[in-house]
Every structure is written in C-alpha cells, then in structure tokens.
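Chemist: Sharing a structure below in structure tokens format, with a few things to ask.
The values are calculated or read from the model by the stated rules, or taken from the named source; none is laboratory data. Bear in mind the structure is a predicted one, so any value in this text is a computation, not a measurement. Virtual Cβ from ideal backbone geometry, glycine too; neighbours counted across all protein chains shown. Ligands, DNA and RNA are excluded from the accessible area calculation, which covers all protein heavy atoms including side chains. Shrake-Rupley method; radii C 1.70, N 1.55, O 1.52, S 1.80 Å.
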Amino acid sequence: MAQLKERPATSHSASLPHHDLSVSDSQMLELYSKMVLARGLDERLWALNRQGKVPLLASCQGLESASVGNAFAALQEGGCFFFSYYRELPLRLMLGLSPLDIMVAHYGKAADAFNAGRQFLFQGYSPKHPIIINSNVVGSSLCHATGYALGCKTLGEDTVVLVSFGDGGSSEGEAHEAMNFAGIHKLPIVFICYNNKLAISVPQRKQMAIDNLADRAPGYGFPGYSIDGMDILSVIKHTREAIQRARSKDGGPTLLEFKVERLKPHTSDDDDRKYRTPEELDLVRRRDPLPIFRSYLLEHGVITDEQDRLIQAQVKEKIDQATEAAEKEPWPDPSTLLNHVYSP
Amino acid sequence: MAAKSVIEAIREAMLEEMRADSRVMVLGEDVGKRGGVFLATQGFIEEFGEARVIDTPLAEASIAGISVGLAFKGLRPIAEIQFSDFWWPACNQIIGEASRAHYGSNGALSVPMVVRIPYGGGVLGGLYHSQSIEGYLYNTPGLKVITPATPYDAKGLLKASIRDNNPVIFLEHKKTYRAVRGEVPDGDYIIPIGVADVKRQGSDISLFSYGLTMHYSLEAAARLEKEGVSVEVVDLRTLRPLDKDTILASARKTGKVLIAHEANVIGGVGAEVAAIIAADAFEYLDAPIHRIGGPDAPGMAFAPTLESAYMLNPDKISAALRELAAY
C-alpha cells in the first residue's frame, strides 16, 4: 500500500510513489489545485455565512484528499455514477462543477444545477455531472444507489455506482439493508464511508462498538478496507481496485472506509467547542490533508514554493469572481413554487 | 368477457404490462416461487426470470428504497409490501424520498414506481394485518393513491399506475381479493387516475366511499331504495388526486352527503371530501355532511366480536342513511 508519510524524499524519478500508481506529476498538481480550490471555497463560504448571505454550510475541510482522490480514481476508470454525500464539495469540483456552481448552490439561487433553490446545497440531481443526492435523512441514499446499481445490472450496462456517506449515516437501518441486498446480488457498487468519527457531536465509540466500520463488510459478503483518508495515493489505489472489482465477472460491492478528520463544526449552525477539547482539535488540525499533500509535493520536487503561491493566488481570484457573480444571480421566481410536484 | 376476482385482475394487469414493457419488474418478499402470499405474482418468476421477479430480504425500507433507485435508472418497479401494517419501515422511502424526488430535483428526476399494498380488515388479522393506511398517504403531495373496489377497476387502474411517471401507492383491500368478482375484459384497457365513478345513480343522498366499503355502500343503497330513498353511490377509486368535479356534481344534485370508509374517521380522507363539499357546494346542502367509519382505536382488534364492532357493514351504513334521509 502506498503511504505518503513513510516515503523518503527522493529525486524526481519514475520510482516516485505516485508514479508507481501511474499518476503523473501534472496530475498530482491538478489534484492539489482542486484541493486548494475546495478549501478556499469552503473558507469563503464560512465568511459569507457569518455575513448572513449563505444560510448553511456543511464544511468539507478535512476530507479534501479523500474526496479528490476518490473522484480521480473514478474518473480514470470511467463509467461511474455518483450518489454523493453532502460534504463532498471536492468531488463536485472534480466532476466539473465550477466555483460559481458551488456558490449559487449555497445561496439557493435559481441557477443551482441540482435543484434550482429547492433543497439544501447539492441535493437533487445533476445529470451532466452525474450525481444524485436526494435527502437529509442520512442512510436512505444507500438504498437508492443499490437500486440504481441493480438497474444498471438488469439493463446490462457497465456502470459502477459509487455511494458515499458518513459514519453517522452508517448507523441507519437503510444502510444495513442496502449493503445486505448489494451483497446478495453482487451489484456493481462501491460503498464509501467518510469516517470522521463524529455524528454531529456523538463520537464513534457511542455509534458503534468496533474501531473500523470496514469490519462490517464481511457480514454482507464482500470485502471492506479501512484507509487513511489523508493518504491520497492509498485512496486512489483502493478506489480503483474497488471499481475494477465491481466491474469484474465475479466481483461485486466493496466497502471503503476513509478515515478523515472534521476540521470544522458539523455545520455552520454548530459549535464543536461544546463537545471537543482544544487538545483534540489541535490533534485533528495536525492531520490537515492540505499541508500533508503540499509537503509531499515539495519533498518530491513536484512543486516549488513559488508555484504553490501562484496556485493560491489563482484560486483566490477565481473565488472572488465566483462570489461576485453569485451575488448577481437571480433568486428563484416565487411563481415556480408548485412546479414539478408531479411528473408529466 | 369473463368474470374474475380482484386478485386475478391484478395479476393479469401486471402480467400484461410485464409482457409489453421489459422495464417493468416486481420485487418484494415471497413474490418469486411463492408467487406472493396472495398469489398475485404466481408463475411470474417462471416466465420472466429472477432478474425481473426479485425475492427480496424481509426489509421494507429497502424494498421501497431500491425501487426508488430502480426508478431513477428508468426501470418501472412494482414493489409489493405484504400487508399494509408492514409498510411503516418503508415510510421514509415512500413519504420522505419517493414523493419528493421530482420536486426536489426541480423536475430532473422521476420516480415511476408502484407500491402495491394489501390493506383493510374483516379477515381476523388483528392489530398488525388489518390497517387502513390511506389517511397517512393522502397527506403527501407527490404521491398518487389508488384504491380500486372492483376487478374491472383494479386491472385498468393498475395498468395506468404502472405507466404513470410518479410514485403510485396501489391499495388493495384484501377482503375483496377473492370475495368480489366481476366482468374483466381480456387484453388492454386503462382507467385514468383521478377519475371517480358513479357506481349507482340516485337523487336523495350522495354516498361517497371506496374499497370494500363501496360494496357495503351499494348493498345499503339497495335496501334504502326499497324504503323509498334514492341513494347515489360514488366510488372515489383514486384518493390522490381526488376527483373534485364528480364529488361536487353529486353533492349539488342530491343535497345530502354521507361519506363511509373503513379507515379512522378522524383525519381521514372523508374529512377532505367533506371540506371540499362545504367549501364549494354549501348552498346546495339540505343537511350537515355526515361521516361514518373506523373508531378511534389504534388498530383493528383480533377477536371476532371486537373486529365486527370496528368494521363498517351494510347495517351500519343503512342506519346512517336513514338518519340522513329523515333530517
């Protein structure tokens, strides 16, 4: 398994850990840029929330490397369909949503690609990208993803479904029912749990009696892996393998547990100082995926400090433009309130 | 035309739709080799195979939720919940998810699924095999809710439901399955969703009902005719959307209204029918609108005496009609 932190600094050569996974230097830079963009957007959204302009934010800070790595692997393998969870802003950038798309989704403007201001951020369906996220009831989407994967199999399509959820969502009965069904029918699906060890304020030890959620997978009849979500190369490797397994003749589902951190409160309405100690938060910040990735790139000569500064500056400019443009976007027309209650 | 039972008509509707459209599939507990506990899918797995006739684990949330996912993919699942009392675990998927997906995606997602649910009492099923759940469903925009009473309606409405692009909850009163027989044409025909049916013409009282109670209502109306009271019996057939035009036309014609359903009277579909009439046909009324139905018990009790006390029957409905006629 590729391990970022255990690799010694080496010269620029074909034996670099990411080269071993056939990831080029320029692809690594692209992934880094997306992570920086995701972080920058997230920070801007916090500021807009505090200004009263964005009603709600579910921060992605802490899972950028896992989300970007996961999306990269899926895009490389191709033919994937996503039932994504609410924190995956980085995945959405990887799938082609622009900073403006991200902004209007948070404002609830009419231009929202997923729901035109009907739901919380990113909920709904964006066929172009293609992602469905349909609910705030965590766990329910695992059933939808499983049904979708069953549909793909029934129609003889090659599509692999990736469904992501949090450790909190894994406690719902529907999550169990979905994984049980997917195992029985060997469906082309990858279950991805972003385990940040907190369901709002409830710690993992009160959510489950096991250390690794992936340990549940054998009970459903398929493999599960617990992976350090800060190790983007490990994320890429395991996601690729899971997609290939889903597609293979005697394959089927895989459960991937990405161990990530939640650097911010559950949402912008939450205050995590009520249930996390300063010491805990300090430990969590030391696992911030951005500095970890940046160090790797610097150590391996993939990026220089100057290039990094350039990326940061470009990202800031993009976010400024998107913020300004989102402000000018129109709100949904009140006369559309009762549109689309029923399908024609 | 041949006389068939309600369950035969339902089976025939699904069989014809599955033969005509390869996207139609059925799933649920026991629907395969067993053919469903009421035999609605008997022989299907032999004809259509395991890919289109899926015996699921006993887990209603996933039966409904997987159907939502299949529908997102463009398939047309027919999910079977074995008894209405077992649909509670599926509530989140039906009320919380299926009903909202089209609206919540601003029209980008559609959920063309049917959930077939046997409901109702009169079979000594006790608290967990007898409930009428339509009131809970009726309250949910985004769902369509159907309750056929006759074999003819059951076949035509189920075919329409399978072809509909929305989540349709198809409620089948289990006592009608074999007790009610009627003429059913061979081959294809559709009864449009949202259209009530005047099952008996009358001029003195309008009696609105559906499901098993509709048959009891017809029997009561026949008795009242012998006593010189002309009762019009309107079978609502579709509860959501309700056929307001037919309801109002009948109420305006007779001026007296009785609504009879097996489900709890309080908060039931009858309350909405009464409100529609009160709002738009008030000037035509000659008596207060009267409702009759399930008492305020949390379910139907098991013992025969208690079940009879809960259920409607032609005697109870006749008594209510006489009272209204005398007003």
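Chemist: Calculate one ³J(HN,Hα) per residue across region A:111-122 by plugging θ = phi - 60° into the Karplus curve 6.51 cos²θ - 1.76 cosθ + 1.60, and present them in order as whole Hz with x for glycine and proline.
Modeler: After applying 6.51 cos²θ - 1.76 cosθ + 1.60, I find 7, 3, 5, 8, 8, 6, x, 7, 10, 4, 3, 6 Hz.
Chemist: Residue by residue through B:73-85, how many Cβ atoms from other chains fall within 10 Å of the Cβ on average?
Modeler: Mean partner shielding for this stretch: 2.
Chemist: From other protein chains only, count the Cβ atoms within 10 Å of every residue's Cβ in A:175-181, then give the mean. Provide the component values of the computation, followed by the final result.
Modeler: On the way: counts 1, 3, 12, 6, 1, 3, 9.
Average per residue, whole number: 5.
Chemist: Looking at A:298, A:222, A:121, which one has the Cα that reaches farthest to the positive end of the dipole of chain A (charges on Cβ: Lys, Arg +1; Asp, Glu -1)?
Modeler: Towards the positive end, the residue furthest out is A:222.
Chemist: Given +1 on the Cβ of Lys and Arg, -1 on the Cβ of Asp and Glu, and no further charges, what dipole in debye does region A:164-228 carry about its Cα centre, rounded to the nearest 20? Can you show the working numbers first?
Modeler: On the way: 5 positive and 7 negative charges, 14 e Å.
Value, rounded to 20: 60 debye.
Chemist: Extension gain residue A:128-residue A:324, at 0.36 nm per residue separation less the Cα-Cα distance, in nm?
Modeler: On the way: separation 196, 0.36 × 196 = 70.56 nm, distance 2.44 nm.
Net length gain for the segment: 68.1 nm.
Chemist: Another one. Over chain B, what is the relative contact order in whole percent, taking alpha-carbon pairs under 8 Å and six or more residues apart?
Modeler: Working: 739 pairs, mean separation 54.7, N = 327.
It comes to 17 percent, rounded to a whole number.
Chemist: Within 10 Å of each Cβ of A:217-230, how many other protein chain Cβ atoms are there on average?
Modeler: On the way: counts 0, 0, 0, 0, 0, 0, 0, 0, 0, 0, 0, 0, 0, 0.
Per residue, the average neighbour count from other chains is 0.
Chemist: Sorted by accessible area with a 1.4 angstrom probe, largest first, how do B:190, B:169 fall? It would help to have the intermediate numbers written out before the result.
Modeler: Details: B:190 75, B:169 0 Å².
These residues rank, largest area first, as B:190, B:169.
Chemist: Any chance you could give the angle, 0 to 90 degrees and rounded to 10, that helix B:6-20 forms with the longest Cα principal axis of chain B?
Modeler: The two axes meet at around 40 degrees.
Chemist: Okay, next question. Go through B:217, B:203 and list them by solvent-accessible area, largest first, probe radius 1.4 Å. Please list the in-between numbers first.
Modeler: On the way: B:217 0, B:203 65 Å².
Descending order: B:203, B:217.
Chemist: Related question: At most 13 other Cβ atoms within 10 Å plus a DSSP loop assignment makes a site exposed; report the longest stretch of chain B without any exposed GluC sites (Glu not before Pro).
Modeler: Values: sites that count: B:50, B:227.
Between the exposed loop sites, the longest stretch runs B:51-226.
Chemist: Accessible area, 1.4 Å probe, largest first: how do A:231, B:197, A:211 sort? Mind dumping the intermediate values first?
Modeler: Numbers: A:231 5, B:197 50, A:211 125 Å².
Listed by decreasing accessible area, they come as A:211, B:197, A:231.
Chemist: So who's got an amide H within less than 5 Å of the one on residue A:189, skipping anything under 5 residues away but keeping other chains? H placed 1.01 Å off N, in plane.
Modeler: Those lying under 5 Å, H to H, from residue A:189 are A:161, A:254.
Chemist: Which shape class applies to region B:188-305: rounded if a/c is under 1.5, otherwise prolate when a/b exceeds b/c and oblate if not, where a ≥ b ≥ c are the square roots of the Cα gyration tensor eigenvalues? Before the final figure, lay out each step's value.
Modeler: On the way: a/c = 1.30, a/b = 1.21, b/c = 1.07.
Taking the square roots of the gyration eigenvalues as a ≥ b ≥ c, region B:188-305 is rounded.
Chemist: For region B:1-30 and region A:184-221, compute the distance between their C-alpha centroids and round to whole Å.
Modeler: Spelled out, the Cα-based centre of one part sits 39 Å from the other.
Chemist: Could you work out [θ]222 nm for the protein assembly as shown from helices alone, using -39500 (n - 2.57) per DSSP H run of at least four and dividing by all its residues? Round to the nearest 500 deg cm²/dmol. Numbers along the way, then the final one.
Modeler: Values: 25 runs with 271 residues, N = 671.
Taking each H run of at least 4 residues, the total per residue is -12000 deg cm²/dmol.
Chemist: Quick check: Cα centre of region A:53-77 to Cα centre of region B:50-85, how many Å?
Modeler: So the two Cα centres are separated by 31 Å.
Chemist: Using packing as a proxy for protection, rank A:221-230, A:138-147, B:109-118, A:246-255 so that the peptide with the highest average count of other Cβ atoms within 10 Å comes first. Don't jump to the answer; show the numbers that get you there.
Modeler: Values: A:221-230: 20.9, A:138-147: 28.9, B:109-118: 25.8, A:246-255: 17.9.
Packing proxy ranking, top to bottom: A:138-147, B:109-118, A:221-230, A:246-255.
Chemist: Next question. So what J values fall out for region B:235-248 if you push phi through Karplus, 6.51 cos²θ - 1.76 cosθ + 1.60 with θ = phi - 60°, rounded to Hz, Gly and Pro as x?
Modeler: 8, 5, 6, 10, 8, 9, x, 6, 8, 4, 4, 5, 4, 5
Chemist: Sort chain A into rounded, prolate or oblate with this rule: let a ≥ b ≥ c be the square roots of the eigenvalues of the Cα gyration tensor; rounded if a/c is under 1.5, and if a/c is not under 1.5, prolate when a/b is larger than b/c, oblate otherwise. Can you show the working numbers first?
Modeler: Values: a/c = 1.34, a/b = 1.01, b/c = 1.32.
Taking the square roots of the gyration eigenvalues as a ≥ b ≥ c, chain A is rounded.
Chemist: Amide H of residue B:238: which non-local residues (sequence gap of 5 or more, or other chain) have their own amide H closer than 5 Å, using H built in the peptide plane?
Modeler: When sequence neighbours closer than 5 places are left aside, the close amide H contacts are B:147, B:194, B:195.
Chemist: In addition: For region B:34-122, how big is the tail of P(r) above 15 Å, as a whole percent of Cα pairs?
Modeler: Working: 2383 of 3916 pairs.
Looking at region B:34-122, the distances longer than 15 Å represent 61 percent of pairs.
Chemist: Per residue of region A:169-175, what does 6.51 cos²θ - 1.76 cosθ + 1.60 with θ = phi - 60° give for ³J(HN,Hα)? Whole Hz please, x for Gly and Pro, Karplus curve as stated.
Modeler: With the stated coefficients, region A:169-175 comes to x, 5, 7, 5, x, 5, 5 Hz.
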